[in-house]
Amino acid sequence: MKKLLALLLALCMVFALAACGQTAAPAEKPADAPADKPADAPADKPAEAVKMTLALRGGTYAEVIKECLPAFEAENNVSIEVLDLAEDDLHSGIALDAINPTGTYDLVMVDGSWMAEFTANGVLANLTELGYELDDDIIPATTAICVVDGQTYLAPYYGNVTVLLYNKQLVKDAGFEGDDIANLDDILAICKAAQAAGKKGFIYRGDSNNNTVVDFLPILLSFGGWVVDENNKPTVNTPEFKAAMEFYLELVATGEAEKKDDLIASVDTGAGAMGVGWPGWYKPTAETPADYCAITGVAHDGDPAYLANVYGVWTIGVPANCPHPELAVKLLSYLMDKDVQLATVPSGGVPCRYSALQNEEVLAAYPQYKVVCQALEGGKYRPVLAQWPQMYDILGAELGNILQGVKTVDQGLADAQSRLESEIDW
Amino acid sequence: MNKNRERLVSGAAQTKRFGVSMITPTLIVLIILTAYPLIFTFYYSLTDYNLLKALKSPAQFIGLKNYVKLLGNEYFRKAIWNTVKFTIFAVLFEMLFGFIMATFINSLRRGQKALRTLLLLPYLLPTVTVALSWRMMLSPNYGIVNHVLSSLNLPVYNWFADIKTAFPMLLVIDIWQSSPFVFLLLYAALQAVPQDQYEAAKIEGATTFETLIYITIPNIKNSLALCALLRTIDSFRLFDKVNLLTGGGPANSTTTITQYLYNTGIKVFDFGYGSAGAIVMTIIVLLLASIYIKRAMS
């Protein structure tokens, strides 16, 4: 009995080990088998629906895609599973799946800041080779990161770009209208007026290093500064950076750091005057207490205007190890179709297309799309560097030290520069 | 005589074989789930393994470079200090409150069961639920805590964004959630203390304090040590609350070792560097645990 028990246990362990150690090999297809169809499917039986899996950023970004899928599923006899993921989970999910010979995902949503590491390491499929090309209707600036060496890897799907989210009443009380906010000095004046009235002025997200950096970038750009030079090397200890940081300290002193949901609630309820936001966060109408406008990129009256709106465009692409590449590209082309994209607008879709953002009917119903179009035309992507995640982590930590008064501007920027140079392999 | 001896030897061998066969499954599970990952993590810590870069070029052996980089990093040292500080305060207060609750409930003649259940509730909640509930309660906009404070004309705070309040708030939440665990273990231990000792102390005229010092504590000292050990290890691994509530900020004031490793190792797929951090953390936890284990065994 004891021997039998021991033998059974040993067998269980062997099976468990064998199952854990098995490497997923790509399914071999006969050369004449049609793509994306089970090779052994009997010819006379209706083909079983192919199952596709999409990894998308949860929220409005995924919802508008989900809305478009039933028509594609019916037309192509596919069943599509959508995974709504948080930003970090999406990033790690795509990367972890990339190490498998055959992946799980057919189509993925990619943030612009991940593009460099993904293309450098062959995570994404070459869409040009798969027969997809970007069309002229797409706002050209939004495609800047999608093409590498003349080859397309991504398509800009959701036009997320930083805007200035403000409370209409508090802006009015300070003697302004949304369209009148011409430079950063106006922003400061409004926030100081709100603070004097017992409200919070400028609210920023200080809950993660990435958010700390992203909310500061429009201010930095308005001062003509940037985080890397023309050779993509870190340059944060510069006069422009210092001037922007000193201004930002004065601005944030009128308000406080809050999480995204609190920031939106503050501006919506009038507890706070304004903050840097994204179109996907808020749907303004004539009745809503808050609205948004593009950041002009002018620091002080008379200064030059810089591109100051930072892209957070959600792009879509196909993983290099996608299980159904032909269907995936077909789906991507369908989702990028201008009519399909136009149909997503009432649900909160923000296409990076002139045909949608300049459509008269759309503008009559959603006037804010004019601002979004302007911001998308004058936007800037975060540095397309494989080192960007490490870079924003270091920079965010040092900016946090400055904002919390742990370090002076000079000390914080000098430390940031030296850490960026020494801790990252350039 | 010889036959008897042979029988004895074969009986002993059989017992030994049975013992070995009984312990083997546990050993195999331990090897697969503990030893193998630990050895692999140590191996990775000596390489520059990056999940994405490894798709193009395999990881290289770089010796102790990750450890040098890690220990030379001021933010990692700060994360160690934050973790140690958090562990000390959390264990101290959780032990104190858990002990007070246990002795109080144990002294009740009625309502023990109801109060015991109520006190255990925070520990039964998932950490994510706890973190999100506290985040809502402490929200600077719609949080009940700030509403109550402002209605009492007391100063309000932006609890998780202020460098002065973020760390203490994390401590408060952890103490609130984990004190019931200490209470549960100590309450069980208190139930096992012989009542005649208390009766003898009462006859001898011992004060409440003397009873506590000379009877209660010596009787439950093993449980106290076990609680302290378990809470120390658990507090040292603190991650979920920090990640959900502060992300390690503001200005790294709440970054623990695990949060630091998540930000600089896992999030950027730098698994070699992350593994080095995990090994350092394992060593620290083992050192802390060994003190308790040694004491308990002696």
Original post:
Counting just the residues of the stretch B:217-229 that are crowded, with 18+ Cβ neighbours inside 10 Å and without any contact (Cβ under 8 Å) to a residue 60 or more places away in the chain, which one comes out nearest to the other protein chains (Cβ to nearest Cβ)?
Top reply: B:Ser223
Original post:
Do the conditions hold for A:Glu377, that is, is it away from chain B (no Cβ under 14 Å), without any contact (Cβ under 8 Å) to a residue 24 or more places away in the chain and more than 23 Å from B:Ile163 (Cβ to Cβ)?
Top reply: no
Subject >> Failed item in (1) within 30 Å of A:Asp180 (Cα to Cα); (2) crowded, with 18+ Cβ neighbours inside 10 Å, with A:Tyr153 passing the rest >> reply: (1)
Original post:
So which of B:Tyr157, B:Tyr214 is over 25 Å from the mean Cα position of the chain (by Cα), of a type in the set (Ser, Thr, Tyr) and surrounded by 17 or more Cβ atoms within 10 Å (Cβ to Cβ)?
Top reply: B:Tyr157
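Could you tell me whether any residue of the stretch A:197-216 is of a type in the set (A, V, I, L, M), under 25 Å from B:Ala166 (Cα atoms) and in contact with a Gly (Cβ under 7 Å, 6 or more places away or on another chain)? Quick ask: steps written out before the conclusion?
Keep residues of the stretch A:197-216 that are of a type in the set (A, V, I, L, M), which gives A:197, A:203, A:213-214.
Cutting the leftovers down to under 25 Å from B:Ala166 (Cα atoms) gives us A:203, A:213-214.
Now drop any that are not in contact with a Gly (Cβ under 7 Å, 6 or more places away or on another chain), which leaves A:203, A:213.
Within the stretch A:197-216, one or more residues are of a type in the set (A, V, I, L, M), under 25 Å from B:Ala166 (Cα atoms) and in contact with a Gly (Cβ under 7 Å, 6 or more places away or on another chain).
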**OP:** Looking only at the stretch B:173-213, count how many residues are within 19 Å of B:Pro126 (Cβ to Cβ) and of a type in the set (Asp, Glu).
**Re:** 1
Original post:
What number of residues within the stretch A:229-258 satisfy the criterion of being at pLDDT below 90 and within 14 Å of another protein chain (Cβ to nearest Cβ)?
Top reply: 0
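Within the stretch A:81-101, track down each residue that is at the interface with another protein chain (Cβ under 8 Å from one of its Cβ atoms) and of a type outside the set (Asp, Glu). I'd like the intermediate steps shown before the answer.
Initial filter on the stretch A:81-101 (at the interface with another protein chain (Cβ under 8 Å from one of its Cβ atoms)): A:88, A:91-92, A:95-96, A:98-99.
Result: A:His91, A:Ser92, A:Ala95, A:Leu96, A:Ala98, A:Ile99.
Per-residue answers, yes or no, for (1) within 30 Å of A:Trp114 (Cβ to Cβ); (2) touching a strand residue (DSSP E or B) at 6+ places or on another chain (Cβ under 7 Å); (3) within 14 Å of chain A (Cβ to nearest Cβ):
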site	(1), (2), (3)
B:Ala192	no, no, no
B:Thr207	no, no, no
B:Thr258	yes, no, no
B:Thr264	yes, no, yes
B:Val268	yes, no, yes
B:Lys294	no, no, no
**OP:** Tell me, yes or no, whether the stretch B:101-121 has at least one residue that is within 30 Å of A:Ala416 (Cα to Cα) and of a type outside the set (S, T, N, Q).
**Re:** no
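Is it the case that some residue within the stretch A:279-289 is among the hydrophobic types (A, V, I, L, M, F, W, C) and crowded, with 24+ Cβ neighbours inside 10 Å? Can you show your working first?
Looking only at the stretch A:279-289, we keep the residues that are among the hydrophobic types (A, V, I, L, M, F, W, C), and these are A:281, A:286.
In the following step, the residues that additionally are crowded, with 24+ Cβ neighbours inside 10 Å were identified as none.
Checked against the condition, which is being among the hydrophobic types (A, V, I, L, M, F, W, C) and crowded, with 24+ Cβ neighbours inside 10 Å, the stretch A:279-289 yields no hits at all.
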Subject >> Residues of the stretch A:318-353 that turn out to be of a type in the set (Lys, Arg) and assigned to a strand (DSSP E or B), as a count >> reply: 1
Original post:
Looking at (1) more than 29 Å from the chain's Cα centre (by Cα); (2) outside any helix (DSSP H, G or I); (3) surrounded by 12 or more Cβ atoms within 10 Å (Cβ to Cβ), can you tell me which one B:Ser139 breaks?
Top reply: (1)
Subject >> Residue pairs meeting the criteria (Cβ under 6 Å; at least 6 apart or on separate chains; first of a type in the set (D, E, K, R), in the stretch B:28-53; second assigned to a helix (DSSP H, G or I)) >> reply: B:Asp48/B:Gly272
Original post:
Could you say which residue among A:Ala193, A:Ala182, A:Ala141 is farther than 30 Å from A:Leu335 by Cα, small (Gly, Ala, Ser) and part of a helix (DSSP H, G or I)?
Top reply: A:Ala193
**OP:** Output yes when any residue across the stretch B:230-239 is within 14 Å of chain A (Cβ to nearest Cβ) and under 30 Å from A:Asp393 (Cβ atoms), and no when none is.
**Re:** yes
Original post:
Within the stretch A:272-288, can you find the residues that are within 14 Å of another protein chain (Cβ to nearest Cβ) and either in contact with a Lys or Arg (Cβ under 6 Å, 6 or more places away or on another chain) or over 21 Å from A:Leu184 (Cα atoms) (or both)?
Top reply: A:Gly272
**OP:** Tell me which residues, restricted to the stretch A:78-136, are farther than 29 Å from A:Val214 by Cα, of a type in the set (Val, Ile, Thr) and in a strand (DSSP E or B).
**Re:** A:Val78, A:Ile80
Original post:
For the stretch B:124-140, how many residues are touching a Leu at 6+ places or on another chain (Cβ under 9 Å) and within 14 Å of another protein chain (Cβ to nearest Cβ)?
Top reply: 6
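Assess whether A:Gly255 counts as being touching a Ser or Thr at 6+ places or on another chain (Cβ under 6 Å) and either closer than 17 Å to B:Leu138 by Cβ or buried (at least 17 other Cβ atoms within 10 Å of the Cβ) (or both). Walk me through how you get there before you give the answer.
On the way: touching a Ser or Thr at 6+ places or on another chain (Cβ under 6 Å): no; either closer than 17 Å to B:Leu138 by Cβ or buried (at least 17 other Cβ atoms within 10 Å of the Cβ) (or both): yes.
No, not satisfied.
Please work out which residue is surrounded by the most Cβ atoms within 10 Å (Cβ to Cβ), limiting yourself to the stretch A:102-150 and to residues that are of a type in the set (D, E, K, R) and away from chain B (no Cβ under 14 Å).
If we take residues in the stretch A:102-150 being of a type in the set (D, E, K, R) and away from chain B (no Cβ under 14 Å), then A:Asp106 is surrounded by the most Cβ atoms within 10 Å (Cβ to Cβ).
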Original post:
Is there any pair with a first residue in the stretch B:56-70 that is farther than 13 Å from B:Tyr43 by Cβ and within 12 Å of chain A (Cβ to nearest Cβ) and a second that is surrounded by 12 or more Cβ atoms within 10 Å (Cβ to Cβ) and of a type outside the set (A, V, I, L, M) whose Cβ atoms are under 6 Å apart and which are 6 or more apart or on different chains, and what are they?
Top reply: B:Lys56/A:Asn121; B:Leu70/B:Phe76; B:Leu70/B:Gly277
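The values are calculated or read from the model by the stated rules, or taken from the named source; none is laboratory data. Computed from a predicted model, the values in this text were never measured in an experiment. Ideal geometry is used to build each Cβ from the backbone, glycine not excepted, and the neighbour counts take in all protein chains shown.
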